[in-house]
Amino acid sequence: MAQIRQLDPHVADLIAAGEVVERPASVVKELMENAIDAGAHAVTVEIAHGGMTLIRVTDDGCGIPADQAATAFLRHATSKIATEFDLEAIGTLGFRGEALAAIAAVSRVELLTRPPEDTLGTALTLEGGQVLEQEEAGCPAGTTMVVRDLFFNTPARQKFLKKDAAEGAAVFAVVQRVALSHPELSVKFIRDGRQELLTPGDGQLKSAVYSVMGREIALGLLPVAGSGIHMGVSGFASMPSCCRGSRSYQHFFVNGRYVKSRTMMAAVEEAYKNQKMVGRFPGCVIHLTVRPNEVDVNVHPAKTEVKFQNEQQVFSTVYHAVLSALGADRSRPQAVLPGVRGEDTVTPNQTVLTMRDDTGALPDRRPPERDRRPVAGAGLRQPSQSPAGGFQFRRVDPLVQVPASPVSAPRPVSGGGEEPPPERPAPAEPVAGPEDCGTEQVSEPAAPAKPVELAKPTEPAQPARPAAPVQGEETPRPEREPEPEPQPQEEPWQIRGELFRTYVMVEQGDKVVLIDKHAAHERVNFDRLKAADYQPMVQQLLVPATFTPAPEERETLLEQLPLLSRFGFEVEELGDAALAVRCAPDYLDAGEIEPALLELARRIRVTGSADPQSARDELLHTMACKAAIKGGQRNGPRELEEVARMVMSGQVRYCPHGRPVAIELTKAYLEKQFKRT
């Protein structure tokens with residue numbers, strides 16, 4: 001029979017060290033958190049061979065007094081808590097008092113530390129948790145911790161480590177997270193003698209994001225800000241068009257501590273619903289600030305998981321903050337043509353910044369005076385037949401208002417007969433200009449002193465004669481000209497045609513916007529149905545649709561029968577395992593009923609609750625897609641203009657599946673491709 005005995009202290013220390021120190025990245029995390037708690041303004045991390053042979057962390061914090069240097073390496077020794085009540089509101093990153101003891105138990109450690117008020121510092125050497133030497137030493141204020149030969153006395157753990165490159169990458173990831181969690185801290189990272197990261201430490205999260213994540217990702221982020229009950233949210237989230245293929249760019253922080261929170265992750269991804277593509281994940285740097293007594297950070301040995309007192313409030317605060325940031329975004333992705341070797345190219349997630357002149361005014365987007373000509377029917381698009389057989393449309397900016405004057409009837413004159421109508425100027429002949437080749441233009445006449453009336457097509461007019469008044473009749477008074485009707489407001493963009501009967505070309509200032517008419521119209525339909533609280537028509541099936549879902553899905557659907565009824569489904573049990581659907585919405589085919597219900601059950605199980613709004617959105621996607629105009633379909637100018645207006649006004653930016661509805665192509669980029677600049 002096995003006997004129960006107390007473990008040797010050295011073996012107990014090795015076991016405890018395994019809970020805290022898993023790899024070199026764990027050592028760097030603990031040492032950097034100690035530096036932050038010590039009030040450091042700058043931290044330098046240096047590693048060699050992935051951190052296995054050398055880890056050096058230097059900070060300019062408060063240092064450790066000489067009489068406490070050895071005590072800091074004992075188990076459960078800390079300066080951050082003293083009583084059990086301190087555990088209810090933890091305000092520091094470290095508090096367990098096990099980090100230094102665990103690190104020293106599995107490595108060779110050298111400590112150099114000096115408080116700013118002392119003249120000399122302390123040098124301490126340990127091996128396997130045992131102090132070998134302690135003496136005075138000259139060193140700068142702060143603390144330098146050197147860890148060598150990690151896991152030299154625990155080969156069982158050493159053999160599970162990965163290659164130096166992989167371990168070094170894990171250390172780099174930890175350093176990046178610390179830099180993002182505390183932008184006021186200047187962080188330098190050196191790997192094998194080469195500097196790979198340096199943050200300014202200016203307290204601006206944007207500066208830290210730019211240094212850590214790079215220019216390409218930083219330009220695709222939107223600022224996030226919001227608040228809830230006793231909590232606040234700040235940070236950045238990626239544009240829907242800049243989502244990535246994994247969640248590796250999601251960083252969440254609670255009171256300055258990096259955490260892995262399913263609640264915050266679900267809130268962010270829920271905010272991107274109907275805006276991002278399936279299989280893509282948003283990137284973000286989200287800082288959540290809560291009261292220390294409303295979050296428990298003591299639920300995981302590595303302190304990477306936390307537990308909130310009010311999970312629902314956290315979800316709501318993060319969700320609405322990110323949703324507001326996405327709603328304020330009015331940018332569109334840019335089209336990218338094949339770049340020229342050696343030249344800078346525009347990346348898909350860069351945005352166009354509207355540059356101002358020296359006076360601070362925005363550039364004038366109106367066409368030059370020579371291109372603005374008066375035409376009849378001002379404000380209407382004038383079609384012209386294109387060589388390809390389609391139609392091109394241009395909008396002309398009127399300078400002269402043309403009233404719709406009624407034509408007066410001919411009057412009798414002396415000598416018999418009728419007076420012909422007065423002669424009127426003939427309409428100007430169209431003139432093709434060098435800048436509008438292939439489009440209908442009108443020559444520019446001299447500006448008249450009063451509104452000009454256009455000639456009505458009639459028989460050739462006789463020479464005009466002065467009208468003589470008839471005896472006994474009053475000279476008729478001239479009729480008052482009617483007031484000109486208000487002209488429609490000119491749009492700051494023009495439709496220039498359509499490509500492949502799918503993409504609408506819109507010119508706006510110095511850029512061209514290509515609009516996917518199907519995606520844009522699908523979003524218009526989706527928003528309209530959602531705003532109108534659409535209730536689908538229910539059709540009774542002649543033959544009930546039966547299927548056998550998994551037990552979990554079956555129970556989920558049976559628990560949500562009222563929700564299913566709201567969307568036109570009548571579901572009932574059929575035996576012990578199957579379900580029968582007797583009624584379904586009219587827009588679903590027979591083969592789509594089962595997938596729709598299974599997808600609904602899956603979403604309810606993932607979110608943990610029935611969300612009627614989410615379920616309603618999923619079911620409306622199908623309707624919006626089926627009712628939208630299709631790519632390759634011929635559409636009239638009014639339809640294209642309506643779609644373009646919704647997109648150019650910013651009301652439509654992404655289709656319900658997250659695809660962009662428009663991309664931009666700038667004039668400067670085209671000139672660069674044609675070597676005009």
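Worth a mention:
- When residues of the range 574-585 are limited to those that are closer than 16 Å to V538 by Cα and either modelled with pLDDT of 85 or more or surrounded by fewer than 19 Cβ atoms within 10 Å (Cβ to Cβ) (or both), the one nearest to the chain's Cα centre (by Cα): A584
- In this entry, L161 passes the filter for residues that are surrounded by 15 or more Cβ atoms within 10 Å (Cβ to Cβ), within 30 Å of G283 (Cα to Cα) and not small (G, A, S).
- Condition met for P301 (modelled with pLDDT under 80, in contact with a Ser or Thr (Cβ under 9 Å, 6 or more places away or on another chain) and more than 18 Å from G91 (Cβ to Cβ)): no
- Pair list, Cβ under 6 Å, 6 or more apart: the range 235-249 residue over 16 Å from A328 (Cβ atoms), other residue open to solvent by 50 Å² or more (accessible area, probe 1.4 Å) and among the basic types (K, R): C243/R280
- Residue selected from the range 633-677 under the condition of a type in the set (D, E) and either under 20 Å from L499 (Cβ atoms) or touching a residue at least 12 places away in the same chain (Cβ under 8 Å) (or both), by the criterion least open to solvent (accessible area, probe 1.4 Å): E664
- Any hit, the range 111-119, residues being touching a helix residue (DSSP H, G or I) at 6+ places or on another chain (Cβ under 6 Å) and touching a residue at least 12 places away in the same chain (Cβ under 8 Å): no
- Those strands (runs of 3 or more DSSP E) of the range 21-136 in which at least 1 residues are basic (K, R), considering only elements entirely within it, cover 54-59, 108-114.
- Some residue of the range 536-550 being assigned to a loop (DSSP other than H, G, I, E, B), of a type in the set (F, W, Y) and open to solvent by less than 70 Å² (accessible area, probe 1.4 Å): no
- Any hit, the range 57-69, residues being within 21 Å of T125 (Cα to Cα), surrounded by 21 or more Cβ atoms within 10 Å (Cβ to Cβ) and either hydrophobic (A, V, I, L, M, F, W, C) or modelled with pLDDT under 90 (or both): yes
- Of the candidates A179, A123, A104, A169, the single residue that is farther than 29 Å from V259 by Cβ, without any contact (Cβ under 8 Å) to a residue 60 or more places away in the chain and not β-branched (V, I, T) is A123.
- Index of the failed condition, T263 passing every other in (1) in contact with a helix residue (DSSP H, G or I) (Cβ under 9 Å, 6 or more places away or on another chain); (2) more than 30 Å from E98 (Cα to Cα); (3) among the β-branched types (V, I, T): (2)
- Complete set of residues in the range 175-211 that are open to solvent by less than 20 Å² (accessible area, probe 1.4 Å) and in a helix (DSSP H, G or I): V175, V178, A179, L180, S181, A208, V209
- Residue in the range 137-160 that is touching a Leu at 6+ places or on another chain (Cβ under 7 Å), in a strand (DSSP E or B), farther than 25 Å from S186 by Cα and modelled with pLDDT of 85 or more present: yes
- Looking across the range 238-274, the residues that are closer than 25 Å to L93 by Cα and part of a strand (DSSP E or B) come down to Q250, H251, F252, F253, V254, R257, Y258, V259.
- Residue list for the range 586-639, filter: at pLDDT 70 or above and in a loop (DSSP other than H, G, I, E, B): D586, L588, D589, A628, I629, K630, G631, G632, Q633, R634, N635, G636
- Unmet criterion (only one of (1) touching a helix residue (DSSP H, G or I) at 6+ places or on another chain (Cβ under 9 Å); (2) on the phi < 0 side of the Ramachandran plot; (3) of a type outside the set (G, A, S)) for C243: (1)
- Residues that are under 24 Å from V524 (Cα atoms) and surrounded by fewer than 20 Cβ atoms within 10 Å (Cβ to Cβ), drawn from the range 235-273: E269, E270, K273
- A search for C-beta distances below 7 Å between a residue of the range 192-203 that is among the β-branched types (V, I, T) and any residue that is part of a strand (DSSP E or B), counting only pairs 6+ apart in sequence or on different chains, returns T199/S186; T199/V187.
- Apart from one condition, D118 fits all of (1) over 45 Å from the mean Cα position of the chain (by Cα); (2) open to solvent by 50 Å² or more (accessible area, probe 1.4 Å); (3) within 30 Å of P9 (Cβ to Cβ); the exception is (3).
- Verdict on V45 being modelled with pLDDT of 90 or more, surrounded by 20 or more Cβ atoms within 10 Å (Cβ to Cβ) and in contact with a helix residue (DSSP H, G or I) (Cβ under 7 Å, 6 or more places away or on another chain): yes
The values are calculated or read from the model by the stated rules, or taken from the named source; none is laboratory data. Because the structure is predicted, anything quoted here is derived from the model rather than measured. Note that each Cβ is placed from the backbone with ideal geometry, even for glycine, and that neighbours are counted across all protein chains shown. In case anyone asks, the SASA skips ligands and DNA or RNA and just uses the protein heavy atoms, side chains included. Shrake-Rupley method; radii C 1.70, N 1.55, O 1.52, S 1.80 Å.
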